[in-house]
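The values are calculated or read from the model by the stated rules, or taken from the named source; none is laboratory data. Being a predicted model, the structure only gives us computed values, none of them experimental. Virtual Cβ from ideal backbone geometry, glycine too; neighbours counted across all protein chains shown.
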Amino acid sequence: MSRELHNLYREAGGSIAESQRVVVREGSVELRLDDAGDDEVMLQRVLTRRDGSVVVQLLPVSGVAELIEFRERDPYREMLAQRYRTCLDAIAHRAHPHGAAHHPAHVSECTSELDVSRLMRAVCRRHGGTFALFHWLAATPGSAPGRATYDTHVILAACSPGWLQTYVRRVVTDPVLESVSTSYPYDARLCETRSKFVQQSSKINPSFWAVEPLPTAAHEGRYKGLSWP
């Protein structure tokens, strides 16, 4: 995982709970809660596999019940018990939100992952969808055309916490990611500018959408493009 990307997700909001890495069967896991001061916090679960690849789950959480559901579906919940307890305590004792939640009408108005997730949920509901995922992917340097492998996979979730845990364990069967892998290097025609996001949203499967290559610079282009098969 690039240091730029690692710092990008650590700099969002203010951390109210952060754990050291815990060694697990696949590699290591760390948890972090970021508080932007409104009615939700962002949970980050970072799995660093033994081969060096990284999967980052970003889940908006509004209360302890959602975090408990996420924890109960975590295959390493017993090893991470103390870390989850720290996060639960932080949510239970956080100060009342000091600002109204931002509900952007357009991706150009998004300034954080929480904003993007709220827009995702709104678009999803508008089109009758239930769950939505937004993917950032970084291909391993030297990946052959049509056979991309990923060293970094960031998933921003607008779905039930338990389902997100199940999805990550089954991600290798995801037809959307398979399509992106076989189209690597990315065809520029797949990338729409953010100004077209709302207008184009009807073309996206509302329950499973939006795959985007990771930007190379830390903040530039973070929400600039959306692409889909």
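Numbers below:
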read-out: Any pair with Cβ under 9 angstrom, 6 or more apart, that starts in region 105-116 at a residue that is farther than 17 Å from I155 by Cβ and ends at one that is loosely packed, with under 13 Cβ neighbours inside 10 Å; value: H106/S195; V107/S195; S108/S195
read-out: Within region 28-137, helices (runs of 4 or more DSSP H) holding 1 or more residues that are within 16 Å of the chain's Cα centre (by Cα); value: 64-72, 113-126
read-out: Selection within region 109-166 - of a type in the set (F, W, Y) and modelled with pLDDT of 75 or more; value: F131, F134, W136, W163
read-out: Some residue of region 33-47 being out of contact with any Phe, Trp or Tyr (no Cβ under 7 Å at 6 or more places or on another chain), more than 27 Å from D115 (Cβ to Cβ) and at pLDDT below 85; value: no
read-out: Output for region 48-66, where each listed residue is touching a residue at least 60 places away in the same chain (Cβ under 8 Å) and either crowded, with 19+ Cβ neighbours inside 10 Å or touching a helix residue (DSSP H, G or I) at 6+ places or on another chain (Cβ under 6 Å) (or both); value: V54, V55, V56, Q57, L58, L59, P60, V61, E66
read-out: Pair list, Cβ under 7 Å, 6 or more apart: region 132-156 residue of a type in the set (G, A, S), other residue in a loop (DSSP other than H, G, I, E, B) and modelled with pLDDT of 70 or more; value: A132/C159
read-out: Matching entry among R77, R32, R45, R73 (being in contact with a helix residue (DSSP H, G or I) (Cβ under 9 Å, 6 or more places away or on another chain), within 22 Å of H102 (Cβ to Cβ) and of a type outside the set (A, V, I, L, M)); value: R32
